Amino acid sequence: MKFTIKILLVVLLLCPASAFAALSDAVQADFAVVDGYVVAPINDEYIVDLDARNGLQLGDILTLVRPGKKLLHPVTQEVIGSVDEPVGFLQVTRILSGYSYARPLSAGLQPAAGDRVRRYEQVPVVLIEDQGGSSDLGRQLKVNLPQLQWLESSARDRALLTFTLAAETLEVRNAQGDSLHRYQVTGEQLADSTATALRPPVAAPAGPQPNVLQQLANTVTGVFEPNNDERFAEMDAAIIRQKLADGRGIWMGPNLDGHPIALAVADFDGDNLQETAVVLDKTLVIAQISGGEFNPLAEVAIPNNFNVLSMDALDLDGNGRAELYLSAMYEYRPASFVVEYTGTGYEIVIDWVGWLLRAVDFPDQQGRILVGQKTGDSAQVYFSKIYRMHRQGREIVTGEAIDLPAKLNVFNFVPFMDDGKQLNYAYLTGGDYLKVINAQGSEMWSSADYYGGSETCFFNRPENKYDMPVPTCMTPRMVRMPDNSILATQNVGQRIMERYRKFQKSQVVAMGWNGFSQVESWRTASQAGYLGDFAIADADNDGQLELAMVVKFKHKGLIDKARSAVVIYELQ
């Protein structure tokens, strides 16, 4: 009996990676969860703070959600999430620049300004298959779109959307019978969307329309921070102003094969120019970006069975050339290593470091330092204290322990000073919420939205018949700017199951501490891809600091490799 259960579990875990892997990125993007807020009522409709840049489309269904019971970790008692309650549904009717209109679908629904909405969260849907029964592709839809509430076919009258799966097409219609999406079916795979069938085009207004919505938003008291009005106009001029029709302000490098894990920018060879290093699956790529060209310099193969988690550039030996410190796991134990330029090429010069490594910029230190932490073989993954690490020749040695609050691990935090010169820590929880604690570990603020989100994960112990461990997914890098604002990644997509995380959209958000909460000051444009890592540096050697990212624009398929690229945003 136990053997049968074991086989069943293995089959269930493998299915999404095989038969279910064919669900196209277009389908998942069309139905991805997107968080927003109600701004204000307008006649019989409601304005929401979402638009086409968030992936919103005409006919999309928004779920009005109210905060429910908080979920507490059974050991640490840390809030890891909440069970939000859907209270009704709205449908998008018009999409403008910076905001959209939606009408209630649920009888008696009267959202208030500031209420949260979440696209396609627990929307009741039904799947109709022309052959009857349940095909692999039908089961795939239900597994890969768990945010939808899948009803039995007999409950069709309760569904707000109907998925009809025929021999050659998958068509999605709303309750009024309008066709919202149509996808081609090839064998047991979905091709990219052939049309948003019968959908009227979403036309942007002829010119910017910030003033009307800003005036409207300003009348909604207690909902938005005073300096957040730009979210309902063109956002921040340095980043979000949509001047990208001609590509100004953004540079994109060539296609790079592989899943993006880490990025670092520094002078690695001592030529007074910045090089960019990117880890993609099992390869470390080093290039120089100059004059708008991506010039590859070297590739270093990652040793077999090593799982790289992060990478930082530091000059710990003081020779004027930064080394690359790659935090990695070998099977279930840390096995980090160091790559540097030796004068003739790039080589692994230190290996089998039994610590997870990360560079941290403490406000009271001169520059960044390298810290390390051990792992355990139980549910407590990050086991030891965090220590300062030093380089001595061809060795990494342990220094003094760093006094940090217990909730922090080697990857998940960034320290900053408040206006009163008190040390605080912003950190990401295992559930992808951003929090702020003081030096004593007392919580001062917690986000309502998800931040972070990583597809790079690891196991700290093997599976056996008594224990099926949950993978630990990385907490993406956060960066403290000179003004003490914090830059954080926001990946949007499937994060319910750690084993099968998949993110379709991403952005970087800048936030400043006002003494009570982190307040957004600007954000990059939402991009259709998973953000693997980022850095603030003069990545293109033009004398100005930029925001450099490595982004995965295409996920790995059954045959095709993942496709990524380095993207640079000008900050000026």
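Yes/no matrix, rows are residues, columns are (1) under 26 Å from Gln122 (Cα atoms); (2) aliphatic (A, V, I, L, M); (3) at pLDDT below 95; (4) within 11 Å of the chain's Cα centre (by Cα):
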| residue | (1), (2), (3), (4) |
| --- | --- |
| Asp467 | no, no, yes, no |
| Ile486 | no, yes, no, no |
| Arg499 | yes, no, yes, no |
| Ser506 | yes, no, yes, yes |
| Asn514 | no, no, yes, no |
| Ser517 | no, no, yes, no |
| Asp533 | no, no, no, yes |
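Under 7 Å between Cβ atoms, which residue pairs at least 6 apart in sequence (or on different chains) link something in segment 534-553 that is without any contact (Cβ under 8 Å) to a residue 60 or more places away in the chain and more than 19 Å from Leu314 (Cα to Cα) with a partner that is of a type in the set (S, T, N, Q) and open to solvent by 20 Å² or more (accessible area, probe 1.4 Å)?
From segment 534-553, the pairs are Gln544/Gln572.
Which members of segment 288-307 meet the condition of being open to solvent by less than 60 Å² (accessible area, probe 1.4 Å) and either without any contact (Cβ under 8 Å) to a residue 60 or more places away in the chain or of a type in the set (Asp, Glu) (or both)?
Once the filter is applied, which keeps residues that are open to solvent by less than 60 Å² (accessible area, probe 1.4 Å) and either without any contact (Cβ under 8 Å) to a residue 60 or more places away in the chain or of a type in the set (Asp, Glu) (or both), segment 288-307 yields Ala298, Val300, Ile302, Pro303, Phe306.
Out of segment 488-497, which residues are at pLDDT 85 or above and open to solvent by less than 40 Å² (accessible area, probe 1.4 Å)?
Within segment 488-497, Ala488, Thr489, Gln490, Asn491, Gly493 qualify.
Kindly indicate which of Gly557, Gly543 is farther than 28 Å from Asn144 by Cα and surrounded by fewer than 19 Cβ atoms within 10 Å (Cβ to Cβ).
Testing whether each residue is farther than 28 Å from Asn144 by Cα and surrounded by fewer than 19 Cβ atoms within 10 Å (Cβ to Cβ) leaves just Gly543.
Sort out for me the strands (runs of 3 or more DSSP E) sitting completely within segment 55-118 that have 3 or more residues that are open to solvent by 70 Å² or more (accessible area, probe 1.4 Å), among the charged types (D, E, K, R) and touching a residue at least 12 places away in the same chain (Cβ under 8 Å).
Fully inside segment 55-118 and qualifying: 61-72.
Wholly within segment 372-459, which strands (runs of 3 or more DSSP E) include no fewer than the required count, namely at least 2 residues that are open to solvent by 50 Å² or more (accessible area, probe 1.4 Å)?
Correct list: 387-392, 395-401, 443-450.
(1) touching a Lys or Arg at 6+ places or on another chain (Cβ under 9 Å); (2) not in a loop (DSSP other than H, G, I, E, B): which one isn't true of Glu347, the others all being true?
(1)
Pro41 fails exactly one of the following numbered conditions: (1) outside any strand (DSSP E or B); (2) open to solvent by 60 Å² or more (accessible area, probe 1.4 Å); (3) at pLDDT 85 or above. What is the number of that condition?
(1)
Answer yes or no: is there a residue in segment 167-185 that is in contact with a helix residue (DSSP H, G or I) (Cβ under 8 Å, 6 or more places away or on another chain), without any contact (Cβ under 8 Å) to a residue 60 or more places away in the chain, surrounded by fewer than 20 Cβ atoms within 10 Å (Cβ to Cβ) and within 22 Å of Pro86 (Cβ to Cβ).
No, every residue in segment 167-185 fails to be in contact with a helix residue (DSSP H, G or I) (Cβ under 8 Å, 6 or more places away or on another chain), without any contact (Cβ under 8 Å) to a residue 60 or more places away in the chain, surrounded by fewer than 20 Cβ atoms within 10 Å (Cβ to Cβ) and within 22 Å of Pro86 (Cβ to Cβ).
The values are calculated or read from the model by the stated rules, or taken from the named source; none is laboratory data. Source: prediction; values computed, not measured. Cβ atoms come from the backbone with ideal geometry, glycine included; neighbour counts cover every protein chain shown. When the accessible area is computed, the model is the full protein with side chains, heavy atoms only, and any ligands, DNA or RNA have been set aside. Shrake-Rupley method; radii C 1.70, N 1.55, O 1.52, S 1.80 Å.
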